[in-house]
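Heads up: the structure comes next, in structure tokens.
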Amino acid sequence: MDSFDQKILFELVSEKMPAHSSLVHELAEMLNISTDSAYRRLRGQTKVSLEEAVVVARKYSLSLDAMFHHTKNSFPFNYRGVNYNIKDLESYYRGILMEFDKADKIGDTKVYYATKDVPLFHIFSFPEVAAIRLFFWKKTIYDIAEYKNKTFTLNELDSPILEIGKKMTQKYNQIPSHEVWSEEVISSTVNPILYYFESGVIEKRNLALHLLEKIDEFLVHARRQAELGGKFLPHQDGPLYPGNFEMYYNEVTLTNNTIILETEGKRHTYLVQSAVDYLLTDNEIFCNRTMAWIENITRKSINISTHAEKFRQKFFAHMHRQVDRVRDRIR
């Protein structure tokens, strides 16, 4: 292991550890060695074996390639994708709920979300909106076998995922969030309704119109949250945690959905693809660059939470017009 740089290994581990933790004690426990042996490895007096490096890399999701090539620019992503079945989709949402539970227990958490679609964590406040989005993902995006010849009905409201989603939204509403929405966020929800109506997947005109009405209600509620600067459920009078919601209006279509979860100063970046699949990393360099990108598009956006009524009106009027255009074609 002559080309192995254990100094980089320990630097990367230090970046991932909480500030109050002891690297030497962590290393001793992890490798089942004495603290003196751990000190010698940290000082470079004892070489770290390949087996030991693998143990450390697995625990902290590190790239051994970075240590062999003496660079911090090589690092791993964890991939979480939905296998093409309903059970795995349910497991996916339970996993997100568990992450929110964990972040809530740690505290000092904030979410940064730049999106070209309606943010996942908002749609479950309106079951019909969530149901049509989930149906679209199951039938068209993931091509789940049970949905191949299925038509959309309100029976989709019985999905266990909707119950998981409600709990997820309740947790999300407690966490401060900084969200950048593009003008096209509603397109990925209203366009499938038109497509499904014209292709017979939504068989009844009244059902299609009902879904569009619920999307309008969703937009009214989203605007109300922006106006008050806090997140809350539709049946609630107002935010339980005032000041925990910043919404920015971006006039340029964003190219991807990117989320940063920041907890006690540590960042995790989620790059969303194919509707709900995502790549995750807590690499400091990548997370900081991603945060810099979000800060850059924020500067080129308009804060429409609590003030800027004119621009808030413009933004939501544009989205309501998209709903109206689909409604006119269905009628």
Taking the Cα atoms only, what angle lies between the long axis of helix 86-106 and the longest principal axis of the chain, rounded to 10 degrees?
60
So how far, in whole Å, is the C-alpha centre of region 166-241 from the one of region 129-162?
17
Cα gyration tensor category, rounded, prolate or oblate, for region 79-330 with a/c compared to 1.5:
oblate
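Can you give the % of DSSP beta bridges in the chain that are antiparallel, to the nearest 5? All intermediate terms of the calculation are to be shown ahead of the outcome.
Numbers: 23 of 34 bridges.
Around 70 percent antiparallel, to the nearest 5.
Could you pull out the trypsin sites (Lys or Arg not before Pro) across region 31-62 that fall in loop regions by DSSP (anything but H, G, I, E, B) with no more than 11 other Cβ atoms inside 10 Å? Intermediate results must be reported in sequence, preceding the final value.
Details: sites: 40, 41, 43, 47, 58, 59; in loops: 43, 47.
Answer by residue number: 43.
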Helix 127-136 versus the longest principal axis of the chain: what is the Cα-based angle in degrees, 0 to 90, to the nearest 10?
70
In nm, to one decimal, how far is the modelled label at residue 61 from the one at residue 199, with both set 7 Å along Cα→Cβ?
3.4
With +1 on each Lys and Arg Cβ and -1 on each Asp and Glu Cβ, how big is the dipole of the chain about its Cα centre, in debye rounded to the nearest 20?
480
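Could you tell me which trypsin sites (Lys or Arg not before Pro) in region 188-223 are loop residues by DSSP with no more than 14 other beta carbons within 10 angstrom of their beta carbon? Can you show the working numbers first?
Values: sites: 204, 205, 214, 223; in loops: 204.
Taking region 188-223 and a limit of 14 other Cβ atoms within 10 Å, the loop trypsin sites (Lys or Arg not before Pro) found are 204.
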Mind checking which aspartates and glutamates have their C-alpha under 14 Å from residue 166, skipping anything on the same chain fewer than 8 residues away?
90, 101, 128, 158
Leading residue at positive end of dipole, the chain (Cβ point charges), from 238, 53, 265
238
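No lab work stands behind these numbers, since they all come straight from the coordinates. It should be emphasised that the depicted structure is a prediction, and the values quoted were computed from it without experimental measurement. Neighbour counts run over all protein chains shown; Cβ positions are idealised from the backbone, glycine included.
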